[in-house]
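Colleague: The following block contains the structure, expressed as structure tokens.
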Amino acid sequence: MDEEKLEQLVHEADRVVPRPTPKEFFRKQPHKSLENISDYERLYKESIENPDGFFGKMAHKFLSWDRDFDKVSWGSFEQGDVAWFLGGKLNACYNCVDRHAFAHPDKPAIIFEADDEKESRILTFKDLLQQVCQVAELLASWGIKKGDIVAIYLPMTPEALIAMLACVRIGALHSCIFAGFSAGSIKERVFDAHSKVVITCDEGKRGGKITHAKQILNEALKECPEVEKVLVYKRTGNPKVEMVEGRDFWWQKECEQFRGYFPPVPVDSEDPLFILYTSGSTGTPKGVVHCTAGYLLGAAMTTRYVFDLQPEDTLFTAGDVGWITGHTYSLYGPLVLGVPTIVFEGTPAYPDMGRFWKIVEKYKATHFYVAPTALRMLKKSGEAEIDKYDLSSLRTLGSVGEPIASEIWKWYDEKIGHGCCHIADTYWQTESGSHLIAPLAGAVPTKPGAATLPFFGIDAVIIDPQTGKVLEGNDVEGVLAVRSPWPSMARTVYQCHQRFLNAYLRPYPGFYFTGDGAGRDHDGYYWIKGRVDDVVNVSGHRLSTGEIEAVLLESKKVSESAVVGIGDDLTGQAVIAAVQLKDSHLVHDAETMIALRKELRLLVRKVIGPFAAPKSIIIVDDLPKTRSGKIIRRILRKVCSGEAKSIGDTSTMANPHVIVNLVSEVEQQF
Ligand code: 6R9
């Protein structure tokens, strides 16, 4: 989002009066989790003043334990040794599946809406238990045990959720790799986690097209000698898909041999539940580690209190298990509460722009959760496809992944929610495990575009980045941090605790640093302004500029590269790359340049994934640099955002003359 828009957003905060949850919301759902703002204030105060009492109570309310915990919380940000519910034992799969299967075996658990509508199906809690048990027993028979990390490279299908649950049933960790990632990214993740088993499918279906999961994985595994076995779900049955004898096994065939019950393995509260790789500002992606009890409690509590998800509801999270939203709000949040989750394989635009709304109508979804990027696209495409469907089942509409502009918020409220829904802009991160700042349904009045108030136990602070001091009071702006540990926060970076400390706990000692800028307005409401580090957010996908730069440098023709994110109407931010060539004479040959741009874009697609490909590539004979030779990305960002006139001081530059060249390149390209 560009600065002007953000300013606009923040100024709007001054004018907007918070809107209470619409009355219609309560009419649709008479037994409420929370009734008004005082409910929120009372519980929030308790959660901050007496976290052990508060979360101890919540952990008994929401989770089933094999052994009760002895101590609620332990450790500090200073020491980096945060732990919750010590001495407790539980199993996350039991909490998400067994206990609901025993109580309501025939209740839908996973509602699968396939890309091709005709292939849709519903799995009850009983079905889910049986299928999870079969995969769990298979993995156990392959020698997978507590603490092992199983890589999962599957698109949004029930099998992705089943595979994840099967791992945690036997105490193994899942490491999901987004199905849009290419061979290079898969290799990096499988390698780093020392995964011996990978679970995938032959092919996927998305937007009417076939995706080639197994073929891409085969490519990646050429450089992963530790992988011993690959479990392949037969999704399309294309006989051309290459299987490696002795390594690759068909899911359906292998599972036939197991009866369908396999006991869950109770683990310690602090035993890791999963790892998920995410982009940071430096180096390779970080394997963020989440632990069992705290994460599961955060998922349960936020799903109940932010969304007000009740047992008779149906949640449609239009996310992907390759990202944290899919983990917490497609799988763990709804299932730990025993609520059906809609798993959608396709895209919002296939076969037409009405697909999301058709799904809502078909399954009478009460809750819908999506990234603003999809809303922007759907808003642009007009209302005809929305008006065709009955959306009156909806009660809560959520937004996640990037700031939601107030005009999109209002459109969501009016056109999709018909003014009757709670609109929840939820701010959180892979590392936070669950919502950090979000309006609690029924309790916290909303403002279009604001993430509103912190969730229970989140002692949010705004810090002045220059002085490192906490800014007290309202009407302040700075970087967002958290003062004390919360149950669902990540505990470490896999095999590199120093990286965890350096990224989150060292920048402002005594605080957890989010990496985001934020403002707190006169009502104490939080407005998230976006990353203050080198992370870009394209359509809600988190990317590191450094990673893309490193890929561009792999090309033999490139000597220097600089990547920045600039505001984009559709995708929130767009990736722009500037490269300097080894052979600067080439720059003058237009045709060669067109071919080179294509080549570089392809390189990024191939190594990281299609969603990381730069929108534009600027080829220059020199990049703006400091006298010590550092690339000045700020200047590149300004020029690419059309703000060359406000570049400001260039006296520290070694080569100010390059700006003219850069501007003309950008003008030609954009
Ligand atoms: C859940 C998720 C985290 C980063 C985060 C921030 C941005 C997420 C947001 C938001 C403004 C919101 N972000 N939600 N910015 N408003 N409601 O997206 O996790 O992929 O780790 O990204 O996304 O910049 O730091 P993740």
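The values are calculated or read from the model by the stated rules, or taken from the named source; none is laboratory data. All of these numbers come straight from a predicted model, not from anything done at the bench. Using ideal geometry, Cβ is built from the backbone for each residue, glycine included, and neighbour counts are taken over all protein chains shown. Side chains are part of the model used for accessible areas, which takes the heavy atoms of the whole protein and leaves out ligands, DNA and RNA. Shrake-Rupley method; radii C 1.70, N 1.55, O 1.52, S 1.80 Å.
Colleague: About its Cα centre, how strong a charge dipole does the range 357-420 have in debye, to the nearest 20, once Lys and Arg get +1 and Asp and Glu get -1 at the Cβ?
Modeller: That gives a dipole near 160 debye.
Colleague: Quick one: Debye curve from the alpha-carbon atoms of the range 215-360 only, equal weights, vacuum; give me log10 I(q)/I(0) at q = 0.08, 0.13 Å⁻¹ to two decimals.
Modeller: The computed values of log10 I(q)/I(0) come out as -0.34, -0.93.
Colleague: Same structure again: Which one of 641, 151, 434 has its Cα pushed farthest toward the positive end of the charge dipole of the chain, where Lys and Arg give +1 and Asp and Glu give -1 at the Cβ?
Modeller: Working it through, the farthest residue towards the positive pole turns out to be 151.
Colleague: Still on this structure: Can you report the principal axis dimensions of the chain using only the alpha carbons, biggest first, rounded to whole angstrom?
Modeller: 72, 64, 56
Colleague: Right, here's the next one. Could you give me the percent of Cα pairs per 10 Å distance bin for the range 233-313, shortest bin first, beginning at zero and ending with the bin that holds the maximum distance?
Modeller: 12, 20, 29, 30, 8
Colleague: Separate question: Please work out the Cα center distance from the range 522-590 to the range 122-199, rounded to the nearest Å.
Modeller: 32 Å
Colleague: Another question about this same structure. Can you list the lysines whose alpha carbon sits under 21 Å from that of residue 557, skipping same-chain ones fewer than 8 residues off?
Modeller: Residue 557 reaches 582, 598, 606, 615, 625, 630.
Colleague: Can you show me the helix-derived [θ] at 222 nm for the chain, built from DSSP H runs with n ≥ 4 at -39,500 (n - 2.57) apiece and divided by the number of residues, rounded to the nearest 500.
Modeller: Result for the chain: -8500 deg cm²/dmol, rounded to the nearest 500.
Colleague: Out of the total accessible area of the chain (probe 1.4 Å, heavy atoms of protein only), what percent is carbon and sulfur?
Modeller: 52 percent
Colleague: Another one. Can you run the Rg to Rh ratio on the range 454-612? Use alpha carbon positions and the Kirkwood inverse-distance Rh.
Modeller: 1.08
Colleague: Along the charge dipole of the chain, pointing to its positive end and built from +1/-1 on Cβ of Lys, Arg, Asp and Glu, which listed residue (613, 508, 249) has its Cα farthest out?
Modeller: 249
Colleague: Residue by residue through the range 208-218, what is 3J(HN,Hα) from phi via Karplus (6.51 cos²θ - 1.76 cosθ + 1.60, θ = phi - 60°)? Round to whole Hz and write x for glycine and proline.
Modeller: Calculated HN-Hα couplings, in order: x, 10, 9, 10, 10, 4, 5, 4, 5, 5, 3 Hz.
Colleague: Distance between Cα centroids, the range 451-478 to the range 373-419: provide it in whole Å.
Modeller: 30 Å
Colleague: A further question follows. Hey, can you grab everything whose amide H is under 5 Å from the amide H of residue 309? Only 5+ residues off in sequence or another chain; H modelled, so Pro and N-termini drop out.
Modeller: 304
Colleague: Checking the table 529/638; 126/229; 89/229; 415/447; 364/529 against a 23 Å threshold on Cα-Cα, which pairs fail?
Modeller: Where the Cα-Cα span goes over 23 Å, the pairs concerned are 126/229; 89/229; 364/529.
Colleague: Could you compute how fast the range 372-499 diffuses translationally, taking Rh as the Kirkwood radius over C-alpha pairs and applying Stokes-Einstein at 37 °C with viscosity 0.692 mPa s? Give it in µm² per second.
Modeller: 196 µm²/s
Colleague: May I ask you to order 314-321, 298-305, 653-660 by the average number of other C-beta atoms within 10 Å around their residues, highest value first?
Modeller: Details: 314-321: 24.8, 298-305: 27.0, 653-660: 14.6.
Going from most to least packed, we get 298-305, 314-321, 653-660.
Colleague: Separate question: So, by mean Cβ neighbours within 10 angstrom, what's the order for 327-333, 30-36, 429-435 with the highest one leading?
Modeller: Taking the mean over residues of other Cβ atoms within 10 Å, the ranking is 327-333, 429-435, 30-36.
Colleague: If you don't mind, there's one more thing I want to ask. Explain nothing, just the number: dipole magnitude of the chain about its Cα centre with +1 on each Lys and Arg Cβ and -1 on each Asp and Glu Cβ, in debye rounded to the nearest 20. Could the numbers behind the result be given before it?
Modeller: Values: 77 positive and 88 negative charges, 160 e Å.
Charge dipole, the chain, about its Cα centre: 760 debye, nearest 20.
Colleague: Let me ask something else. Treating only the Cβ atoms of Lys and Arg (+1) and Asp and Glu (-1) as charged, compute the dipole magnitude of the range 149-212 about its Cα centre; round to the nearest 20 debye. Don't skip to the answer; put the middle values down first.
Modeller: Values: 7 positive and 5 negative charges, 14 e Å.
Around 60 debye, computed over the range 149-212.
Colleague: Sticking with this structure for a sec: Amide H of residue 616: which non-local residues (sequence gap of 5 or more, or other chain) have their own amide H closer than 5 Å, using H built in the peptide plane?
Modeller: Under 5 Å from the amide H of residue 616 lie the amide H atoms of 577, each far enough along the sequence or on another chain.
Colleague: Determine the gain in length on full extension of the stretch residue 76-residue 502; use 0.36 nm per residue of separation and subtract their C-alpha separation, reporting nm with one decimal.
Modeller: 151.9 nm
Colleague: Place +1 on the Cβ of every Lys and Arg and -1 on the Cβ of every Asp and Glu in the range 66-192, take the dipole about the Cα centre, and give the residue among 100, 177, 162 whose Cα lies farthest towards its positive end.
Modeller: 100
Colleague: Divide the volume of the convex hull of the Cα atoms of the range 571-668 by its number of residues and quote the answer in cubic angstrom per residue.
Modeller: Per-residue hull volume (Cα only) is 116 Å³.
Colleague: Looking at the range 198-267, which trypsin sites (Lys or Arg not before Pro) are DSSP coil and have at most 10 other C-beta atoms within 10 Å of their C-beta?
Modeller: Passing sites in the range 198-267 are 222, 240, 259.
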